[in-house]
Amino acid sequence: SAHRVEAERSLVRQLQVVEDTEATALFIPGNHDWADGSPEGLDAVLAQAAFLQGRARFLPSGGCPGPELMDMPEAEPLVRVVVLDTQWWLHDERKPTDTCEPGTPDSVAQALQAALDTDLPVVVAAHHPLASHGPHGGFFGWRAHVFPLTDAVPWLWVPLPIVGSIYPLTRTRLMPSDQELSNSENRGMRDALSEAIASRTRRGPVLYAGGHEHSLQVLRGDVADYVLVSGAGSAGKITAVGSGPDTLFAHAHTGFIALDVGATGIRLSVVEPTDTAGNEVVFSLEIPLLAD
């Protein structure tokens with residue numbers, strides 16, 4: 001289909017970046033990879049995994065929820081990466097259960113708790129964030145209130161101020177989808193993951209890294225030490241972002257968040273492209289390996 005052709009073209013572009021930089025790529029599925037929650041979701045995520053096989057790591061595998069662990073580098077690990085498929089929790093259509101171990105929300109949470117039993121610093125990586133001050137978290141900028149159609153079609157600048165104010169209310173309060181943080185199913189998932197992270201007794205820091213929002217955010221976490229939202233790797237669609245009492249950095253801009261793990265600490269950097277085809281570190285933070 002035309003949709004599959006475009007999806008493969010997009011993956012090839014991303015793989016080209018990986019090959020050019022000689023990096024090791026990890027693809028983590030989210031709601032769009034699961035065909036936006038449609039009945040074809042499982043087939044779509046399995047097809048993507050098959051397409052990437054041998055060229056990049058697609059985790060968790062088999063349409064399963066994870067967690068899957070990677071201690072890196074293998075010889076003398078400095079960090080543990082724990083990968084989750086949060087869309088598995090939210091997907092109401094066909095998905096694997098009998099072929100996944102763990103295969104229930106409770107067993108996934110228990111496995112996450114076990115995965116945190118290490119003195120290494122841990123990065124929990126998933127698509128949906130634990131917290132956010134973007135549209136999925138209930139924040140909408142002036143554009144959404146006055147020009148709501150630009151949310152669907154970026155160039156459709158038709159002023160609809162009254163409709164625009166109804167739209168955010170409907171999306172976050174009246175009829176929130178499971179992709180919104182205010183949705184009860186989404187909240188239940190985040191509560192289960194947060195409870196597992198809160199049970200950690202080891203001293204090393206825990207960072208939760210997600211995307212979903214098309215912005216860059218560094219938040220001080222309630223249970224994880226930091227919550228990172230890095231979903232603006234493409235300039236195609238950037239969405240508004242606000243600030244909360246937990247916000248250390250927030251910007252509605254293209255870019256990414258980098259973590260450089262050393263023997264004594266982690267350097268967190270927010271990197272944004274510049275007009276001169278270079279990159280600029282616009283925010284940085286030093287995180288000691290052992291929490292106080």
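The values are calculated or read from the model by the stated rules, or taken from the named source; none is laboratory data. Computed from a predicted structure; not experimentally measured. Quick reminder, even Gly has a Cβ in these numbers, built from the backbone with ideal geometry, and neighbours come from all protein chains shown. Heads up: the accessible areas ignore ligands, DNA and RNA and are worked out on the full protein's heavy atoms, side chains in. Shrake-Rupley method; radii C 1.70, N 1.55, O 1.52, S 1.80 Å.
Taking all protein chains together and rolling a 1.4 Å probe, Phe256 ends up with roughly 100 Å² accessible. Using only alpha carbons, the stretch 50-141 has a radius of gyration to Kirkwood radius ratio (Rg to Rh) of 1.01. Relative protection proxy for 272-280, 118-126, from highest mean packing down: 118-126, 272-280 (other beta-carbon atoms within 10 angstrom).
Accessible area of His251 (1.4 Å probe, protein heavy atoms only, ligands and nucleic acids ignored): about 70 Å². Label-point separation (nm) for Phe256 and Val281, each offset 7 Å from Cα along Cα-to-Cβ? A separation of 1.6 nm, rounded to one decimal place.
Judged by the mean number of other Cβ atoms found within 10 Å, the most tightly packed of the peptides 66-73, 82-89 leads the ranking 82-89, 66-73.
Computed from the C-beta positions of Ala263 and Thr24 and an R0 of 30 Å, the FRET efficiency is 0.90 to the nearest 0.05. Under the convention that each Lys and Arg Cβ holds +1 and each Asp and Glu Cβ holds -1, the size of the dipole of the stretch 172-292 around its Cα centre is about 200 debye. Measuring with a 1.4 angstrom probe and ignoring ligands and nucleic acids, Ser284 comes out at about 50 Å² accessible. Values of log10 I(q)/I(0) for the stretch 192-292 across q = 0.13, 0.19 Å⁻¹ run -0.49, -0.96, by the Debye formula with one identical scatterer at each alpha carbon and no solvent. Looking at the stretch 1-131, the DSSP beta bridges with both ends there are about 45 percent antiparallel.
Here the gap between Thr201 and His32, fully extended at 0.36 nm per residue and compared with their Cα-Cα distance, gives a gain of 57.4 nm. Take the convex hull of the alpha carbons in the stretch 237-292; its mean projected area over all directions comes to 5.2 nm².
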